[in-house]
1. Please determine, by comparing only the residues of the range 134-177 that are modelled with pLDDT under 95 and small (Gly, Ala, Ser), which one is nearest to LYS214 (Cα to Cα).
2. Given the conditions (1) modelled with pLDDT under 80; (2) buried (at least 20 other Cβ atoms within 10 Å of the Cβ), and given that ASN60 satisfies all but one, which numbered condition is not satisfied?
3. Any idea which of (1) surrounded by fewer than 16 Cβ atoms within 10 Å (Cβ to Cβ); (2) under 17 Å from ASP23 (Cβ atoms); (3) in contact with a helix residue (DSSP H, G or I) (Cβ under 8 Å, 6 or more places away or on another chain) is the one MET167 doesn't satisfy?
4. For the condition within 18 Å of VAL18 (Cα to Cα) and at pLDDT 80 or above, what is the one hit in LEU32, LEU104?
5. Has the range 189-197 got at least one residue that is surrounded by 14 or more Cβ atoms within 10 Å (Cβ to Cβ), among the hydrophobic types (A, V, I, L, M, F, W, C) and part of a helix (DSSP H, G or I)?
6. With the checklist (1) in a loop (DSSP other than H, G, I, E, B); (2) over 15 Å from LEU102 (Cα atoms) in hand, flag the one item ILE184 doesn't pass.
7. It is to be established whether one or more residues within the range 119-138 are touching a residue at least 24 places away in the same chain (Cβ under 8 Å), within 19 Å of SER81 (Cβ to Cβ) and of a type in the set (S, T, N, Q).
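The values are calculated or read from the model by the stated rules, or taken from the named source; none is laboratory data. Since the structure is predicted, the reported quantities are computational estimates derived from the model, not experimental observations. Methodologically, a virtual Cβ is constructed for each residue, glycine included, from the backbone with ideal geometry; neighbour enumeration extends over all protein chains shown.
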Amino acid sequence: MNKFLILALISLTVSKNVILIGDSRYVGMAVLLMGFDYSTITKYYGTGTNVRSTSPRQFNGNSIQVTAQVSASSYTFKQGSEIYTSAHNQLKKAAPGTTVLLWLGINDYDAIDSTFNFYSTLARTYTTLNFYAVPITGINESKVGLSNSKVQRFNTQLKEKIHQAKMTNLKFKSILNGNNVNSIMVNGKAVSIDSYLTSDGLHYGKSGYEQLWKAMANII
């Protein structure tokens, strides 16, 4: 095969339109992907902070957009809420075939039904887009009032609900090493993502978000 055709096919394979929808962990990743000043990360974790990228940014050959809200939970999924409205405003402008990575749950791990309903509503509304629900990763239990067993249970239940729904454009795509919420798969290798947690025990440093993005890029 012509080498230039091979290169063109590779380019088509790795270059995607990607929209990230999530909570403060996606806010942190947005700081990395959107090219914001990472030294000012703490201001992006302020109460009620939102990151909405109206114009795509290029990152590693992918066109990235983000809708994320600090403390996004079942309360913010409701119709008319800010993240609900922001997500719809962004998705209705998305090109067919756009990949949407959904990463919610860490702020409301008992609200499995609300989370699934939000995901499925988006998928039913925007049938030309490809929605991938990403399992939430773990926390430092000694610093956060949450157990990793509950994080794992959330992921298991979300996976089951999505599987049972049998929606063609909503899939559960795991980045985890098995069911271990503190280990992710990056380019075929297990990475202890908990080692990248910051002092708050919930968010990640720049290197952690780089590893998480690589893991997510692998599944799309």
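1. SER147
2. Every condition holds for ASN60 apart from (2).
3. (2)
4. LEU104
5. Checked against the condition, which is being surrounded by 14 or more Cβ atoms within 10 Å (Cβ to Cβ), among the hydrophobic types (A, V, I, L, M, F, W, C) and part of a helix (DSSP H, G or I), the range 189-197 yields at least one hit.
6. (1)
7. yes
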